[in-house]
1. Once each part is reduced to its C-alpha centroid, what is the distance from segment 339-383 to segment 230-303 in angstrom?
2. Roughly how tilted is helix 351-361, in degrees to the nearest 10 and between 0 and 90, from the longest Cα axis of the chain?
3. Using the Cα centre of the chain as origin and beta-carbon charges of +1 (Lys, Arg) and -1 (Asp, Glu), tell me which of F244, S70, I96 is placed farthest towards the positive end of the dipole.
4. How would you rank H276, H350, H97, H421, going from fewest to most other Cβ atoms within 10 Å of each one's own Cβ?
5. For a quick check: with amide H placed at 1.01 Å from N, whose amide H comes under 5 Å from T285's, ignoring anything fewer than 5 positions away on the same chain?
6. Rounded if a/c is under 1.5, else prolate if a/b is larger than b/c, else oblate: which is segment 187-341, with a ≥ b ≥ c the root eigenvalues of its Cα gyration tensor?
7. Suppose every K and R has +1 on its Cβ and every D and E has -1 on its Cβ; what is the size of the dipole of segment 284-396 about the Cα centre, in Debye to the nearest 20?
8. Are any of the pairs K298/K364; K186/K364; K110/K251 more than 32 Å apart by Cα-Cα distance, and if so, which?
Amino acid sequence: MLRRELAIGLTIAMAVVTLAGCGGGQSNQEPAAGTAASETAAAAEAEAETEAAETEAAASGEEVTITYISSTILESPEGDFEQKCIDEFNALDNGIHVEVEGLSANDLMKRYITLATSNSMPDFFMADLLDTPTIVDMGLAAEVIPIYGEEYVNGFEEASLSFASVDGVPYAIPWFGGANGIVYRKDFFDEKGLSTPTTWDELIEVSKALTEGDRYGMTLVGANNGSGAGRFQYVLRNFGVDEFILGDDGKWTTDVGSQKYIDALRAYTDLDVTYHTCPPGVIETDYATAVNLFSSGKAAMLITGSNAIGAITSQVPELKGKLGSFPIPKVERSVSTPGGFGFFISPGKHEAESAEFIRFMLEKDREIEFSVLTGRLPTRNEALEDPSVMEMPELAGFLQARQTIIQTPNIPGYTEIQDVHGQAYQSVFTGEATVEEAAAKAQERAQEICDKANEG
């Protein structure tokens, strides 16, 4: 209990700047071989308990109500699908009733810290898989193999399961995965006779060619929040920037503020400041605004995750068949930032009943339906490998980008770096700082994160 309270206290301190968006990474080690036999036995017992949840509830004649927190329930088209699944599950009359509370994705971790301090966590909850180390360190998640069984857990796609794990132990059930790239209007490209760019210079030329009248080549999420900083991170990493590096001596260093960082910051902000290929008001453009600009035809490209496909086509169904995607152009390297959310089960709080509903949500047909509807990638191999997903033209670039996933560093305070990036690009967009000045300030703040981590 003391360790849990200390962990929560440390997490609150690290959350002063931001806790939404990309969290720390985690190890992808396998469990020790000596634990295999005990895990297998525990998994078999747990699987039987999970399967018995419905029977026990029905036999007792008492309905068990389980609660969870979700961000996608507030989104479109995700929310309608999720609510349909809840309604279908509740109609089974299996003695389990599900209730959901909606909360913005940018507020999830702040809310969980508040709930954890008052011991008021829901039975299960949704979170960005990049926040798995923080959630585990706070003692908020049960291990999933004892609940679901090893065979079921091993049915998840390797990358998604890796980001749901700490030191090789899975603590979350991945619901959907993601990759970053650029979604574009194929009809606009065809109109100009353009091919998808493969270098940053080509991206600039294509963006300029598509900018005319009240249409712009690219819309950027320039707000200083997790959505904006996360998209800037996509670009940073392709320029070869490693935000934090753990040396052989166990000390952290940073690439933030380096020449690579300067080059990436300049390239990103030049799309607006120098080439004027972005709609006005870039620093106020949040994700929803960027989607609106793209959906309304005021922008031809959007740096984003695959989930934007569903958001765009739910607003303008006529755009189905007119969208394509391609990876963010390679500069020094071509890598994709991990993405995806999962379900975490609170220890000792209706674990079997929560697992029953989560299994229901992740049945193959539902996963495929959700992916086709939203553009979010399935996490179970049987769904991800289905032709209805693999052959979606809108997902082609994102699926290609997902082949080169980059691990994020597991450094304490990692989420603070998003505000560092956000202040850097916003100060350049507004003219408050030159690229070099903004990079130097970012370097100072990144070094402070390193120093705190190195002090241990």
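Throughout, read-outs are computed from the coordinates displayed, never taken from laboratory work. Just so it is clear, the structure is predicted and the values come from calculations on it, not from any experiment. Here the Cβ is made from the backbone with ideal geometry for all residues, glycine too, and neighbour counts use every protein chain on show.
1. Comparing the Cα centres of segment 339-383 and segment 230-303, I get a distance of 31 Å.
2. Taking the Cα atoms of the chain, the angle to 351-361 is about 50 degrees.
3. Of the candidates, F244 comes out farthest on the positive side.
4. Values: H276 15, H350 21, H97 18, H421 27.
Taking fewest neighbouring Cβ atoms as first place, the list is H276, H97, H350, H421.
5. Distant-sequence amide H within range of T285: G222, A223.
6. On the way: a/c = 1.92, a/b = 1.66, b/c = 1.16.
Prolate.
7. On the way: 11 positive and 16 negative charges, 76 e Å.
I would put it at about 360 debye.
8. Values: K298/K364 37 Å; K186/K364 30 Å; K110/K251 29 Å.
From the list (K298/K364; K186/K364; K110/K251), the Cα-Cα distance tops 32 Å for K298/K364.
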